[in-house]
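Shown next, in structure tokens, is the structure this report addresses.
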Amino acid sequence: MAKDMIAIKKVAIKDISPAKYNPRKISEEALAGLQSSLKEFGFVDPLIVNKRNNVLVGGHQRLKAAEKLGIKEVPVVYVDLDEAKEKALNIALNSEKISGEFDAQLLHELVNEIQADIPELLESLRIDDLLKDYKFEEEKLEPMQDDELSDMVKNSDLDFDGRLFFEIKRRGKLLAGLVEDKFENLVARKLIIDALTDEKDEDIIRRYKKFESQSK
């Protein structure tokens, strides 16, 4: 195996020693969200363990979540570090100062796309709570003209960008009035599919109000 290849090994949780010095902590709500992530996506992010002493360097919260779920073995990447570098890596792996940050507008656009397809994940993964830390006023986006919207819908083949989604959702809100988010997204998705066809938006709203009432 080449030296630059990283090996991932399955290791029994009982053979891993959490670092007593680890400064990170997690709330019960966040831990529950992490458990949901592990159940939904699996263990896609291996733990980091120092081979010299089997001390866990990175992934303490994932380890806690795995134990809560009754998982016996977890994926591990081993590093070979002295104690000082081990502690420095522990901090570096969790430091917000070197991990970047979300772009508020792009985050909201992405969440809206997820919400349209799998809204149940937003709550279980606490994505809704994340949005509270990244305020973004979608109303500040410049409204599109009908011909611009028409061109985007025709050319996008529904692989639409965030601005198109916001515009469709904005029109859905204007037509439907003050309605719950779930209904707004039904309207938005339907408007995207049927936008600017011979069927008027008001007819789409009427039919989807009926669909929504029958689905409850």
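The values are calculated or read from the model by the stated rules, or taken from the named source; none is laboratory data. This one's a predicted model, so the numbers in the text were calculated from it and none came from an experiment. Neighbour counts run over all protein chains shown; Cβ positions are idealised from the backbone, glycine included.
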Check: Given (1) closer than 30 Å to residue 118 by Cα; (2) free of Cβ contacts under 8 Å to residues at least 40 places away in the same chain; (3) over 20 Å from the mean Cα position of the chain (by Cα), where does residue 67 come up short, assuming only one miss?
Finding: (2)
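Specify which of the listed residues (91, 71) is part of a loop (DSSP other than H, G, I, E, B) and either surrounded by 13 or more Cβ atoms within 10 Å (Cβ to Cβ) or aliphatic (A, V, I, L, M) (or both).
Checking each option against the conditions leaves just 71.
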Check: Which numbered condition trips up residue 100, out of (1) of a type outside the set (Phe, Trp, Tyr); (2) farther than 18 Å from residue 30 by Cα; (3) surrounded by 14 or more Cβ atoms within 10 Å (Cβ to Cβ)?
Finding: (3)
Item checked: When residues of region 10-31 are limited to those that are in contact with a helix residue (DSSP H, G or I) (Cβ under 9 Å, 6 or more places away or on another chain) and free of Cβ contacts under 8 Å to residues at least 40 places away in the same chain, the one nearest to residue 56 (Cα to Cα) -> 25
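I'm trying to understand the selection: among the residues of region 104-126, which are among the charged types (D, E, K, R) and either in the same structural domain as residue 65 (by TED's automatic domain parsing) or over 23 Å from residue 27 (Cβ atoms) (or both)?
Matches in region 104-126: 109, 113, 117.
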Note to self: Looking only at region 32-58, how many residues end up being in contact (Cβ under 8 Å) with a residue 24 or more places away in the chain and at positive phi?
What the structure shows: 1
Checklist line | Enumeration of residues in region 103-128 that are more than 15 Å from residue 39 (Cα to Cα), assigned to a helix (DSSP H, G or I) and either of a type in the set (Phe, Trp, Tyr) or without any contact (Cβ under 8 Å) to a residue 24 or more places away in the chain (or both) | finding: 111, 114, 117, 127, 128
